[in-house]
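Here is the structure we will look at, set down as structure tokens.
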Amino acid sequence: MNVMTVYENRSDTAVISITQKFQTLYTPKHADGEYPDDVDGPVKTLAQDAGIAPYGTRTLYWQVCTPELASKQNPVPLDGTDSFMSEISAQPRATAWDWAQ
């Protein structure tokens, strides 16, 4: 899944890179007509160059991949209907900033 996150640097020091943790969530296997709550999946840690100037703002796009969750979900129907019943999402959690020296 793709996650868009806006970062605001409120410091007078530039940010070189950001390490971001994401808590994944997924819809577990279930019978037709059932709508189970999402279940916590693995936490994914990603990093990328940020290049945020002092007092600047930047939007970063993250590709959070969780192929290990495919076997824990219903397969997407061949006709594509009700595919929303097997979703994966990710919520940003802990963030670490790598500051310029």
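In a loop (DSSP other than H, G, I, E, B) and either modelled with pLDDT of 95 or more or under 16 Å from the mean Cα position of the chain (by Cα) (or both): is that true of Tyr35 in this structure?
In short, no.
Would you check if Pro92 is touching a residue at least 60 places away in the same chain (Cβ under 8 Å) and open to solvent by less than 90 Å² (accessible area, probe 1.4 Å)? Steps first, answer last, please.
Working: touching a residue at least 60 places away in the same chain (Cβ under 8 Å): yes; open to solvent by less than 90 Å² (accessible area, probe 1.4 Å): yes.
When the stated conditions are applied, Pro92 passes them.
The values are calculated or read from the model by the stated rules, or taken from the named source; none is laboratory data. Keep in mind that this is a model prediction, so the values were computed, not measured. When we count neighbours, we look across all protein chains shown, and the Cβ atoms used for this are built from the backbone with ideal geometry, even at glycine. Surface areas here come from the heavy atoms of the whole protein model, side chains and all, with no ligands, DNA or RNA. Shrake-Rupley method; radii C 1.70, N 1.55, O 1.52, S 1.80 Å.
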